[in-house]
Amino acid sequence: MADTMSWQRVRGAPDSGAVIARTSDLPEDGTLAVTFSGKGRDFPILLVRKGEAFAAFLNACPHQGLPLTFRSEDVTTADGQRLMCSNHHAEFDLLTGEGVAGFGQGCALMRIPLSLDAEGLICVA
């Protein structure tokens, strides 16, 4: 099961309502690594868009804690259905963050709940 709470215990985690990005910043069927810096410490976030669905995760692979984007910003598999850590190729479901292959099995990304407003802002829910 994807972790939906412990991301809040990471130093620098944004509060509910914090703006992370605009929907127009994300390519359709793509990802975007952003850094939230509103609390004096950088907090890495990986945003995902698949059609009209959006998801956000702490940009840290549970295998070793490095950002999924550490070696490459391109972290989706060729079929566009999974996120793949650019370090050790752990694979996670694109929208749930559940580990599905390699070093990702048995763990999950820390999912950050989102809300989208009428102006196209992506915010922490």
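The values are calculated or read from the model by the stated rules, or taken from the named source; none is laboratory data. Everything quoted here is computed from the prediction, not taken from an experiment. As a convention, Cβ positions derive from the backbone with ideal geometry for all residues, glycine included, and neighbour counts pool all protein chains shown.
All conditions in (1) surrounded by fewer than 19 Cβ atoms within 10 Å (Cβ to Cβ); (2) at negative phi; (3) modelled with pLDDT under 95 hold for THR76, with the sole exception of (3).
You will find that of ARG41, ARG11, the residue that is surrounded by 11 or more Cβ atoms within 10 Å (Cβ to Cβ), basic (Lys, Arg) and touching a residue at least 24 places away in the same chain (Cβ under 8 Å) is ARG41 and no other.
Yes/no matrix, rows are residues, columns are (1) of a type in the set (A, V, I, L, M); (2) under 21 Å from PHE103 (Cα atoms); (3) in contact with a strand residue (DSSP E or B) (Cβ under 8 Å, 6 or more places away or on another chain):
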position: GLU28; (1), (2), (3): no, no, yes
position: ILE45; (1), (2), (3): yes, yes, yes
position: PHE54; (1), (2), (3): no, no, yes
position: ALA60; (1), (2), (3): yes, yes, yes
position: HIS63; (1), (2), (3): no, yes, no
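Sub-7 Å Cβ pairs linking a first residue in the range 111-125 that is at positive phi to a second residue that is outside any strand (DSSP E or B), at least 6 apart or interchain, are GLY120/THR23; GLY120/SER24, ordered by first then second residue.
For the range 97-113, enumerate the residues that are buried (at least 16 other Cβ atoms within 10 Å of the Cβ) and either aliphatic (A, V, I, L, M) or assigned to a loop (DSSP other than H, G, I, E, B) (or both). Result: GLY97, VAL100, CYS107, ALA108, LEU109, MET110, ILE112.
The set of residues in the range 30-84 being of a type in the set (Gly, Ala, Ser) and within 18 Å of ILE20 (Cα to Cα) consists of GLY30, ALA33, SER37, GLY38, GLY40, ALA53, ALA55, ALA56, ALA60. Cβ-Cβ contacts under 6 Å between residues 6 or more apart (or on different chains), taken from a first residue in the range 80-106 that is farther than 10 Å from LEU68 by Cβ and of a type in the set (Val, Ile, Thr) to a second residue that is modelled with pLDDT of 95 or more and surrounded by 15 or more Cβ atoms within 10 Å (Cβ to Cβ), are listed as VAL100/GLU91; VAL100/ASP93. Report whether or not GLY17 is touching a residue at least 40 places away in the same chain (Cβ under 8 Å) and not in a strand (DSSP E or B). Criteria met by GLY17. Number of residues in the range 49-59 that are surrounded by fewer than 21 Cβ atoms within 10 Å (Cβ to Cβ) and free of Cβ contacts under 8 Å to residues at least 60 places away in the same chain equals 5. Only a single criterion out of (1) at pLDDT 95 or above; (2) on the phi > 0 side of the Ramachandran plot is not satisfied by GLU98, namely (2). For the range 38-96, a tally of residues being among the charged types (D, E, K, R) and in a strand (DSSP E or B) returns 5. With the requirement that a residue be at positive phi and touching a Leu at 6+ places or on another chain (Cβ under 8 Å), what does the range 79-95 give you? Once the filter is applied, which keeps residues that are at positive phi and touching a Leu at 6+ places or on another chain (Cβ under 8 Å), the range 79-95 yields only GLY80.
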